Amino acid sequence: MDATNITLSNTSIAYQAIQTMTSAYKTLYRAAVDSQPNPHAAWELNFIEQMRRLREARHMTQTDLAKILKSYGLPWHQQTVQKVENGERPVRLNEAYLIARTFGVDVMSMTESSAPSDRAIRYAVDQLRARSGTRASALNDTLGEWLTDVEAYAAALVERLPAHAETAADLDPVTRWGMAWAIKALTAIEASLEAWRDLTAIEGAATPAHLDNDPEILPGPGADVLSVLSDWRDRFGDDDTMRAAGTDPGDLYAQFPSEAT
């Protein structure tokens with residue numbers, strides 16, 4: 001073997017030794033890094049736990065959550081949610097923000113560490129908020145159906161209203177009695193709408209505009225009915241009519257002017 005071959009052989013051996021040492025160093029370095037506490041690991045684990053818990057509290061499937069996030073422009077699928085919840089995929093900052101927004105919370109609350117008892121009360125609050133949204137939806141459906149009934153009642157009362165009527169003094173006793181019921185219905189509509197607004201606020205959804213500013217948020221024929229009944233209350237709601245509208249329904253029913261035909 002000539003000197004050139006010996007030199008090449010020695011160089012190859014030295015290179016292999018360096019590669020082996022480098023690989024060993026990388027292994028030792030990685031082990032040392034992995035042994036150090038990662039201050040971000042707890043945040044990530046807490047976020048994943050909160051994400052799964054909030055989703056389940058709202059009875060949402062992984063597919064449901066993926067569809068909502070996709071509507072925000074994220075390329076998420078059921079498998080994406082599954083990988084995140086299994087710790088197989090990290091969550092980017094913009095994704096974390098939209099996930100928190102979906103559940104009506106902030107990112108910080110989803111990353112905080114807390115004691116088991118603290119997590120229990122937070123879970124109870126999450127359940128309360130989720131159920132409030134469910135009740136708000138049910139109330140909205142019920143209110144929509146009832147407003148159809150109120151609309152039919154208002155149509156019947158219109159048939160008795162004199163064309164020239166401007167105040168309660170222009171109404172006959174039966175029509176005035178019927179007007180008290182219309183005002184009572186209006187009061188119930190306003191109370192129901194306010195309850196619906198409060199429930200949606202507890203859920204964390206966008207707070208609807210106040211009924212005075214945006215009556216169109218009422219379901220079904222609500223906006224038209226609200227407008228008619230509000231006008232009647234302004235025109236015909238004198239002290240006697242308002243007092244009658246505020247009485248117990250049974251007592252008001254008993255006050256029907258029997259002498260009228």
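The values are calculated or read from the model by the stated rules, or taken from the named source; none is laboratory data. Source: prediction; values computed, not measured. In this analysis, Cβ positions are derived from the backbone assuming ideal geometry, glycine residues included, and neighbour counts consider all displayed protein chains.
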Discussion item. List the helices (runs of 4 or more DSSP H) inside region 214-261, counting only whole elements, that have at least 3 residues being of a type outside the set (A, V, I, L, M, F, W, C), within 24 Å of residue 200 (Cα to Cα) and modelled with pLDDT under 95.
Written reply: 222-236
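For region 170-184, how many residues meet the condition of being part of a helix (DSSP H, G or I) and over 14 Å from residue 243 (Cα atoms)? It would help to see each step written out before you state the result.
Initial filter on region 170-184 (part of a helix (DSSP H, G or I)): 170, 173-184.
In the following step, the residues that additionally are over 14 Å from residue 243 (Cα atoms) were identified as 170, 173-175.
Residues in region 170-184 being part of a helix (DSSP H, G or I) and over 14 Å from residue 243 (Cα atoms): 4 in total.
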Fill in: Number of positions in region 108-146 that are of a type in the set (A, V, I, L, M), surrounded by fewer than 18 Cβ atoms within 10 Å (Cβ to Cβ) and in contact (Cβ under 8 Å) with a residue 12 or more places away in the chain
2
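Which one of 113, 109, 132, 117 is assigned to a helix (DSSP H, G or I) and more than 22 Å from the chain's Cα centre (by Cα)?
Values: 113 fails: assigned to a helix (DSSP H, G or I); 109 fails: more than 22 Å from the chain's Cα centre (by Cα); 132 fails: more than 22 Å from the chain's Cα centre (by Cα).
Step by step, each of 113, 109, 132, 117 is checked, and only 117 is assigned to a helix (DSSP H, G or I) and more than 22 Å from the chain's Cα centre (by Cα).
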Worksheet, complete the sentence: residue 154: passes all of (1) more than 30 Å from residue 235 (Cα to Cα); (2) assigned by TED's automatic domain parsing to the domain that holds residue 204 but (1)
Practice prompt. From the list 195, 201, 130, 163, pick out the single residue that is under 21 Å from residue 236 (Cα atoms) and small (Gly, Ala, Ser).
Written response: 163
Fill in: Residue list for region 79-98, filter: within 14 Å of residue 51 (Cβ to Cβ) and part of a helix (DSSP H, G or I)
80, 81, 82, 83, 84, 85, 95, 96, 97, 98
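Residues to consider are 4, 61, 80; find the one that is among the hydroxyl-bearing types (Ser, Thr, Tyr) and either at pLDDT below 60 or closer than 17 Å to residue 107 by Cα (or both). First the steps, then the outcome.
Working: 61 fails: either at pLDDT below 60 or closer than 17 Å to residue 107 by Cα (or both); 80 fails: either at pLDDT below 60 or closer than 17 Å to residue 107 by Cα (or both).
Selected residue: 4, the only one of 4, 61, 80 that is among the hydroxyl-bearing types (Ser, Thr, Tyr) and either at pLDDT below 60 or closer than 17 Å to residue 107 by Cα (or both).
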